[in-house]
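Student: Pasting a structure here, questions to come.
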Amino acid sequence: MGTLQLKLGQRDSSLGLLIINTASLQHKNRVEHLGSPIWVLHSHPFLLAVMGETGVCPTFQLGRTRYDQGSYLGRLRHFIDIIDPTTLFISEKRLKECVKLLEGYKCGTLPPGVSDLQLWEAQKVKQAIIHPDTGEKIFMPFRMSGYVPFGTPIVVGLLLPNQTVVSTIVWQWLNQSHNACVNYSNRNATKPTPTSRFLQGYVGAVTSAVSLAVGLNLLIQKASFMSPATKMIIQRLIPFPAVAGANICNVGLMRHNELSEGIDVLDENGNVVGSSRIAAKHAVMETAFTRVVLPMPIFVLPPIIMSYLEKVPLMQTNRRLLLPIHSLVCLATFGLSLPLAISLFPQMSQIEVSQLEPEIAMATNSKMVIYNKGL
């Protein structure tokens, strides 16, 4: 067991802690305060890692994230908070209390005894329910916290075996409609975006999803070299390329203007350095990659898992269990894969100035600049 010295880091880090030294071995399990901001932890290295991530609450900062967005684990914990379905059950009274608490912090009129943890929880509740730009409540099915519970029935429908052309069209349309509503409800509303752009992205996504799904289904049905069992397995995997293709189409149609006009890049102080088309290309590619990775486990794992479960004697004698078990498998894969996928890249990504346009390099002395990747 080792002695680990930790020092408080930047306030916007996930834990406010930076490792500064590892010292001699000591068989103790305790925490010594050596005078702020130095702490010494005596414990097993694994327990230290867990405590470092879960046992220390950072100083609250309004509008900032609680966890370090520079690490994958920090982004994962941040997005787990965002999609937490328990916030769907927050009462109106509790919401008003959270808003009042945050207003008190902003105005410097907090009641005594309010902890940083309470403030972080209050901000989590407010951000889950109220749109940050419009100040209005987001309709429950279209909140990020409602994406998994309200989206799972659609995923189950997409993965049902023996789909007809009509059922394929209906489920693909429902899926893209739900995605469009979630995207619109959680949009960046600081700048007015033409409704036509959202409609363009929606129509493009629906068209590409339906075309790919129906086209691939018909192609497989006409494939004479495949056995019926092979055809059934492949047909159950068709929703993945259809949804992934539609997601790429949606990103391209919604954000094509960024590729020609560029996006703002910021220095370490948050000042706008300029507009970069190269940064825009990185942002769009990262978003498109995330939207391809996201549906992969959701639409690939359940068919594979169900193909094995359907052979279990209990399932063969109780066919009524197939649908509820299929639904639970879809719910589990959806809930687990969503935060893992959207945590791949930080919301605010960094890029070296040397990789950008010459005018950006001339406008700043910073070696790295920041850009908003988007969702």
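Student: Could you please find all residues in region 211-248 being under 30 Å from TYR184 (Cβ atoms), open to solvent by less than 40 Å² (accessible area, probe 1.4 Å), in a helix (DSSP H, G or I) and of a type outside the set (Gly, Ala, Ser)? Before the answer, list the steps.
Tutor: Quick first cut of region 211-248, residues under 30 Å from TYR184 (Cβ atoms) only: 211-217, 237-248.
Okay, now just the ones that are also open to solvent by less than 40 Å² (accessible area, probe 1.4 Å), so 213-215, 217, 238-239, 242-247.
If we keep only those that are in a helix (DSSP H, G or I) as well, we get 213-215, 217, 239, 242-247.
Scanning region 211-248 gives VAL214, ASN217, PRO239, VAL243, ASN247.
Student: A follow-up question, please. Quick check: is even one residue across region 101-109 without any contact (Cβ under 8 Å) to a residue 40 or more places away in the chain, over 23 Å from the mean Cα position of the chain (by Cα) and either in a loop (DSSP other than H, G, I, E, B) or closer than 26 Å to LEU331 by Cβ (or both)? Break it down stepwise before answering.
Tutor: Kept after step one, since they are without any contact (Cβ under 8 Å) to a residue 40 or more places away in the chain, are these residues of region 101-109: 101, 103-104, 107-109.
Then drop every residue that is not over 23 Å from the mean Cα position of the chain (by Cα), which leaves 101, 103-104, 107-109.
So of that shortlist, the ones also either in a loop (DSSP other than H, G, I, E, B) or closer than 26 Å to LEU331 by Cβ (or both) come out as 108-109.
Yes: region 101-109 contains one or more residues that are without any contact (Cβ under 8 Å) to a residue 40 or more places away in the chain, over 23 Å from the mean Cα position of the chain (by Cα) and either in a loop (DSSP other than H, G, I, E, B) or closer than 26 Å to LEU331 by Cβ (or both).
Student: Shifting gears a bit: Any residue in region 136-157 that is over 29 Å from LEU322 (Cα atoms), touching a Lys or Arg at 6+ places or on another chain (Cβ under 8 Å) and either at pLDDT 90 or above or not in a helix (DSSP H, G or I) (or both)?
Tutor: No: region 136-157 contains no residue that is over 29 Å from LEU322 (Cα atoms), touching a Lys or Arg at 6+ places or on another chain (Cβ under 8 Å) and either at pLDDT 90 or above or not in a helix (DSSP H, G or I) (or both).
Student: Being touching a Phe, Trp or Tyr at 6+ places or on another chain (Cβ under 7 Å) and either among the hydroxyl-bearing types (Ser, Thr, Tyr) or in contact (Cβ under 8 Å) with a residue 40 or more places away in the chain (or both) is the requirement here; does PRO302 meet it? Please lay out each step first, then the result.
Tutor: On the way: touching a Phe, Trp or Tyr at 6+ places or on another chain (Cβ under 7 Å): no; either among the hydroxyl-bearing types (Ser, Thr, Tyr) or in contact (Cβ under 8 Å) with a residue 40 or more places away in the chain (or both): yes.
For PRO302, the condition - touching a Phe, Trp or Tyr at 6+ places or on another chain (Cβ under 7 Å) and either among the hydroxyl-bearing types (Ser, Thr, Tyr) or in contact (Cβ under 8 Å) with a residue 40 or more places away in the chain (or both) - is not met.
Student: Of all residues in region 60-84, count the ones that are open to solvent by 60 Å² or more (accessible area, probe 1.4 Å) and modelled with pLDDT of 90 or more.
Tutor: The qualifying residues number 3.
Student: Of all residues in region 324-357, which are open to solvent by 90 Å² or more (accessible area, probe 1.4 Å) and without any contact (Cβ under 8 Å) to a residue 24 or more places away in the chain?
Tutor: Of everything in region 324-357, those that are open to solvent by 90 Å² or more (accessible area, probe 1.4 Å) and without any contact (Cβ under 8 Å) to a residue 24 or more places away in the chain turn out to be LEU328, GLN350, SER354.
Student: What pairs come out if I take residues in region 267-292 that are among the aromatic types (Phe, Trp, Tyr) and pair them with residues that are open to solvent by less than 80 Å² (accessible area, probe 1.4 Å) whose C-beta lies under 9 Å away, six or more apart or interchain?
Tutor: PHE289/LEU344; PHE289/PHE345
Student: Can you go through SER196, SER208 and tell me which one is in a helix (DSSP H, G or I) and open to solvent by 40 Å² or more (accessible area, probe 1.4 Å)? Before the answer, list the steps.
Tutor: Details: SER208 fails: open to solvent by 40 Å² or more (accessible area, probe 1.4 Å).
After applying the criteria, what remains is SER196.
Student: With the structure loaded, tell me whether LYS93 is open to solvent by 50 Å² or more (accessible area, probe 1.4 Å), among the basic types (Lys, Arg) and assigned to a helix (DSSP H, G or I) or whether it fails that test.
Tutor: On the way: open to solvent by 50 Å² or more (accessible area, probe 1.4 Å): yes; among the basic types (Lys, Arg): yes; assigned to a helix (DSSP H, G or I): yes.
Judged against the criteria, LYS93 is a match.
The values are calculated or read from the model by the stated rules, or taken from the named source; none is laboratory data. Every value quoted in this text rests on a predicted model; they were computed, and no experiment measured them. In this analysis, Cβ positions are derived from the backbone assuming ideal geometry, glycine residues included, and neighbour counts consider all displayed protein chains. What goes into the accessible areas is simple: the full protein's heavy atoms, side chains included, and nothing from ligands, DNA or RNA. Shrake-Rupley method; radii C 1.70, N 1.55, O 1.52, S 1.80 Å.
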